[in-house]
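FYI, it's all coordinate maths here, none of it is from the lab. Please read these numbers as outputs of a predicted model, since none were measured by experiment. Glycine gets a Cβ as well: all are built from the backbone with ideal geometry, and neighbour counts include every protein chain shown.
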Amino acid sequence: MNQRVKSDFLFAQPSFLSGASRTLDLWGAFDDYNRSGMPVEADEKAIAADWLIVGQDLYDAIECEENELEAA
């Protein structure tokens, strides 16, 4: 399983320039977040991503163990 699931999709990914400009933004006008239509939708996406990552970790652990058994 080569493709990794992104679990930070609800967080903004600012650039260096936008980060530097935030030092002068006293009123929070530059704050930008990835939003979902409803809180339930955001929760569903986050929980699904969490379980996909758990599944990837299990897959990676099983694959690692199989590789060690083959090498022995």
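Does any residue of region 36-54 turn out to be of a type outside the set (Ser, Thr, Tyr), out of contact with any strand residue (DSSP E or B) (no Cβ under 6 Å at 6 or more places or on another chain) and over 30 Å from residue 14 (Cα atoms)?
no
Tell me, which residue of region 36-72 that is of a type in the set (A, V, I, L, M) and more than 23 Å from the chain's Cα centre (by Cα) is surrounded by the most Cβ atoms within 10 Å (Cβ to Cβ)?
69
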